[in-house]
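Novice: Below you'll find the structure I mean.
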Amino acid sequence: MNDTIIINAASTPATTPTASAGKQRRLIIATSLGNGLEIFDFTIYSFFASLIGSIELGQVTADTRFNFFHPPLG
């Protein structure tokens, strides 16, 4: 039997290219802006869900509040 081990190029780990400082800065800014918009969106939705819930349903309990907050959590 031949005990030779053959390693092909597909099994070697790939190296990831590094981004330049300008690209990294743009990536961080874009990611921060996207996260900030998501937090803003969730905050506005939460405020208006509570407001509309109290107007439409009167007394808002924990059970009815869960129904309004359920869509962004799913």
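Residue-by-condition table, conditions (1) surrounded by 10 or more Cβ atoms within 10 Å (Cβ to Cβ); (2) outside any helix (DSSP H, G or I); (3) at pLDDT below 80:
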residue: Ile6; (1), (2), (3): no, yes, yes
residue: Ala10; (1), (2), (3): no, no, yes
residue: Thr15; (1), (2), (3): no, yes, yes
residue: Ala19; (1), (2), (3): yes, yes, yes
residue: Ile29; (1), (2), (3): yes, no, no
residue: Ser32; (1), (2), (3): yes, no, no
residue: Asp41; (1), (2), (3): yes, no, no
residue: Leu51; (1), (2), (3): yes, no, no
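Novice: How about region 16-52: which of its residues are of a type in the set (Ser, Thr, Tyr) and more than 17 Å from the chain's Cα centre (by Cα)?
Specialist: Thr16, Thr18, Ser20, Ser46, Ser50
The values are calculated or read from the model by the stated rules, or taken from the named source; none is laboratory data. Please read these numbers as outputs of a predicted model, since none were measured by experiment. Here Cβ is always computed from backbone atoms with ideal geometry, including for glycine, and neighbour counts include all displayed protein chains.
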